[in-house]
1. Could you list Met62, Met1 so that the one with the fewest beta carbons within 10 Å of its beta carbon is first and the one with the most is last?
2. Cα extents of segment 39-93 along the three principal axes, largest first, in whole Å?
3. How high is the relative contact order of the chain, given as a whole-number percent (alpha carbon pairs under 8 Å, six or more residues apart)?
4. On a full-extension model of 0.36 nm per residue, what is the gain between Tyr72 and Tyr91, subtracting their alpha-carbon distance, rounded to one decimal in nm?
5. What percentages make up the Cα-Cα pair-distance distribution of the chain when the bins are 10 Å wide from 0?
6. What's the extension gain from His48 to Glu34 if we count 0.36 nm per residue and subtract their Cα-Cα distance?
7. Out of the chain, which GluC sites (Glu not before Pro) are coil in DSSP terms and have no more than 16 other C-beta atoms within 10 Å?
8. Quick check: residue separation of Val8 and Ala60 times 0.36 nm, minus the Cα distance between them. What number comes out in nm?
Amino acid sequence: MLFQSDQVEAVTADDTVLAGFAAQDPYAKIVGPEFTDEPYGLGIAKSHPEFVQFVNNVIAQMRSDGAWKALYSRWIATKGGPIPDPPPAVYGR
C-alpha cells in the first residue's frame, strides 16, 4: 500500500508478487536482474498419501498437456522472452 500511495519508490519480492503488483498498478514495473532463484514447494502430511498422489498427477498432467506453460504465460511471465520449461519435480526431501 505504501508503494501504491507513493510513499516508497520501490519494493523487492519474488517474481509472482512483483507480477501481481505490475498487473494491478499501471505505474509499477519490474526492473533489474533477479537477486536469487527461490523455488516453491508444497508440504503434505504423510498421513494423506492419496492427496500426494492426486497433486502429483495434476502436476504431471499440467506438464504434459501444456497447461503449465499457459498458466505461466498468463500469470507470471512479465519480462518477455520464451516461457521456460517446467522445473523438474523433486520429491521426498
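What follows is calculated from the coordinates using simple rules that are stated; it is not laboratory data. This is a predicted model, so every value here is computed, not measured. Cβ coordinates were reconstructed from backbone atoms using ideal geometry, including for glycine residues, and neighbour counts include every protein chain displayed.
1. Working: Met62 16, Met1 6.
So the residues, fewest neighbours to most, are Met1, Met62.
2. Between the extreme Cα coordinates on each principal axis of segment 39-93 lie 41, 22, 17 Å.
3. Details: 35 pairs, mean separation 22.7, N = 93.
Reported relative contact order: 24 percent.
4. Details: separation 19, 0.36 × 19 = 6.84 nm, distance 2.15 nm.
The Tyr72-Tyr91 span can extend by a further 4.7 nm.
5. 12, 36, 30, 18, 4
6. Details: separation 14, 0.36 × 14 = 5.04 nm, distance 3.59 nm.
Between His48 and Glu34, full extension yields an extra 1.5 nm.
7. Numbers: sites: Glu9, Glu34, Glu50; in loops: Glu9, Glu34.
In loop regions of the chain (DSSP not H, G, I, E or B), the sparsely surrounded GluC sites (Glu not before Pro) are Glu9, Glu34.
8. On the way: separation 52, 0.36 × 52 = 18.72 nm, distance 4.13 nm.
Contour length minus Cα-Cα distance gives 14.6 nm.
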